[in-house]
Amino acid sequence: MAEKLSPLELIHPDGFARTVSVLGSGCPTRLRPERPAPGVDARSELVVLAPTPPELKSHDWLDKATDAAVEGLAEDGVLYVLAPRRSRSRIARRLSKHGLEIQLTLLHDPDVEASRYLVPLSLSTGSYAFTNLIPTRRGRRRLALLTLAVPLGPRFLARTLRSVGFVARAPGARPLFDWAFRLDGCRQDAHLAVITTSWRGPIGSLVLLRFGDRARYPTAVAKISPVAPSRGALDEEATVLRRIGAAAQQAGADVPEPIVVGRLDSRPLMLQTVVGGRSAAAILGDFPDRHDHVAEKLIDWIERWNVETRTVSPLTGERLEHEVQSSARRLAPLLEHGDAYSARLEQLCDEVLGLPSPFVARHNDLTMVNIFISASGRLGVVDWEAARESGLPLVDFYYAIVDATAATTRYRDRRQAFLSCFAENGERARTTRRFEQRLISSLGIVTPVAELCFHACWLQYALHEVRHVPSSEGQAFLEILRSVAGDDLREPQSAP
């Protein structure tokens, strides 16, 4: 299997770097390339210069590292600098003396370590990202946009913001992000893009939103798997979109349409159309009081989509093993009373075995970051790589209602959002019950099956988190599952 693709490689004209050099110890794991270093007398297509404060204090370390970075850079290569604020000007001056020019400056949001968003500090990309994508405080967003709009504003932000990196290159090198514009023959003089990374960790796709000449909105979206499996999630996403995308649209949501499906250096790649609107995460971060309105709009769509794709069949032992039992056994050692919880679920599975249950199409990642709402109120849903044509009902609902609640505090505490929805006296428990009852009634779900779906939801997300998300980044879904396993929550309502 090929090495994991770094988000920084997407900046290169080819979208990947065959050889990489990392100078300094300040490059975080999420960004660190896994490519081999160049051989003797060979040059690197990507050089990351990331000094730490102790390295900067070392006598002439920075000068030697900067010189080595320039000398080892390939003709069309990218030199990416991640440095503390006080050293950036010094590095830029030294690179200029070597004949390199600063071609791009990117903000890493929320910080360099997490790097969920890599946003070029230009008015077009900054306006779109801060307004439509990133949940951030209104005052901070307004100040950033005002600063980007003045002539020297981007340079000021590049020098003063903490989480900033910049690209230095030789004049005349091929355009940055060129690969993304070649996919469909798009001809643009200016090549800019916003890069986003996935909460799903190393198996989640990297996403690049492509911007053309002075465009205020992206012209297309490229998704790339960071690894190179024989068949990846993006292959499945294209297939699933073709099979269930029409039903999702008929139910009232815009979905992306594949433009190009192929490979980038053996990695699955898909170029998609853009879904318009503003992310629900950004909306709810600005206007928490719109929670019920946004949730109602989303539940309306889930209900119509579920009814449209609904089939009914008995719950089999194989299905129960896949959806609940195997996950419970794997996670039991991580729970305080894991064995008792697993035994309780075994008993529930025995109770529902053979009962008829609806099965529906599932998105499996209805975070508010993936929900867009247009100015006219039209819903849009993106990121379908985890979607499946058939699965237990209610799972999308349970996840989405908690995520919407978490979005009202810009994801400060996801477990508290869960308790707000599902604890007996939670702030949003009454609204959650009302939405839940609607779906249970519409789909004809009996009480024990609804309870099964509730557990299946949190087992699924906790297991994925434990498998793929480093514990250093927090394990909110495991904390939620611990609350579920504590058996101090209300039970799902039954259909009348």
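Computed from the coordinates by the stated procedures, all read-outs in this text should not be read as laboratory data. This is a predicted model, so every value here is computed, not measured. As a convention, Cβ positions derive from the backbone with ideal geometry for all residues, glycine included, and neighbour counts pool all protein chains shown.
Values for this structure:
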{"item": "Neighbourhood charge, 13 Å Cβ-Cβ cut-off, centred on ARG388 and excluding it, Lys, Arg +1 and Asp, Glu -1", "result": "-4"}
{"item": "Whole-Å distance, taken between Cα centres, linking segment 296-368 and segment 268-293", "result": "26 Å"}
{"item": "Distant alpha-carbon pairs in segment 278-485 (separation over 25 angstrom), percent", "result": "36 percent"}
{"item": "Under Karplus coefficients 6.51, -1.76 and 1.60, residue-wise ³J(HN,Hα) of segment 103-117 in Hz, glycine/proline x", "result": "9, 7, 10, 10, 8, 9, 10, x, 7, 5, 5, 7, 6, 6, 10"}
{"item": "Measure of compaction for segment 268-386 (Cα Rg per 2.2 N^0.38 Å)", "result": "1.38"}
{"item": "Equivalent ellipsoid semi-axes, segment 12-53, via Cα gyration tensor eigenvalues times 5, rooted, Å", "result": "18, 13, 8"}
{"item": "Derived scalar couplings ³J(HN,Hα) [segment 338-350; Karplus, 6.51 cos²θ - 1.76 cosθ + 1.60; whole Hz; x for Gly, Pro]", "result": "x, 5, 5, 5, 4, 5, 5, 6, 4, 5, 5, 5, 4"}
{"item": "Cα→Cβ-extended label distance, 7 Å offset, between HIS322 and ALA375, nm", "result": "4.5 nm"}
{"item": "Residues whose placed amide H lies under 5 Å from that of ARG278, excluding near-sequence neighbours", "result": "ILE373, SER374"}
{"item": "Dipole in debye (nearest 20) - segment 7-272, about Cα centre, beta carbon charges: Lys, Arg +1; Asp, Glu -1", "result": "1060 debye"}
{"item": "Unit charges on C-beta of K, R, D, E only; dipole of the chain, Debye", "result": "1980 debye"}
{"item": "ARG242 paired with LEU146, simple spin-label distance in nm, labels 7 Å along Cα-to-beta-carbon", "result": "5.1 nm"}
{"item": "Rh by Kirkwood over Cα pairs, then Stokes-Einstein D for the chain at 1.002 mPa s and 20 °C, µm²/s", "result": "89 µm²/s"}
{"item": "Hits among lysines - C-alpha to C-alpha of LYS223 under 17 Å, sequence gap 8 or more where chains match", "result": "LYS4"}
{"item": "Where only C-alpha atoms are counted, convex hull volume of segment 7-272 per residue in Å³", "result": "137 Å³"}
{"item": "Around GLY277: net Lys/Arg minus Asp/Glu count, Cβ-Cβ under 13 Å", "result": "+2"}
{"item": "Percentage of interatomic Cα-Cα distances in segment 167-217 larger than 12 Å", "result": "69 percent"}
{"item": "Whichever lysines have a C-alpha closer than 27 Å to that of LYS57, once near sequence neighbours (fewer than 8 apart) are set aside", "result": "LYS97"}
{"item": "Gained length - GLN437 relative to LEU353, 0.36 nm times residue gap less alpha-carbon distance", "result": "28.0 nm"}
{"item": "Other-chain or far-sequence residues with amide H under 5 Å of GLN188's (modelled H)", "result": "none"}
{"item": "Mean separation of Cα contacts under 8 Å (6+ apart) over length of the chain, as relative contact order %", "result": "12 percent"}
{"item": "Amide H partners (placed H, <5 Å) of SER44, local residues excluded", "result": "LEU73, ALA74"}
{"item": "Three-way shape label, segment 205-279, alpha-carbon gyration tensor, a/c 1.5", "result": "oblate"}
{"item": "Length released on extending from PHE287 to THR409, taking residue separation times 0.36 nm less the Cα-Cα span", "result": "42.9 nm"}
{"item": "Projected label distance in nm at ARG162 and GLU479, using a 7 Å step from Cα toward the beta-carbon", "result": "2.0 nm"}
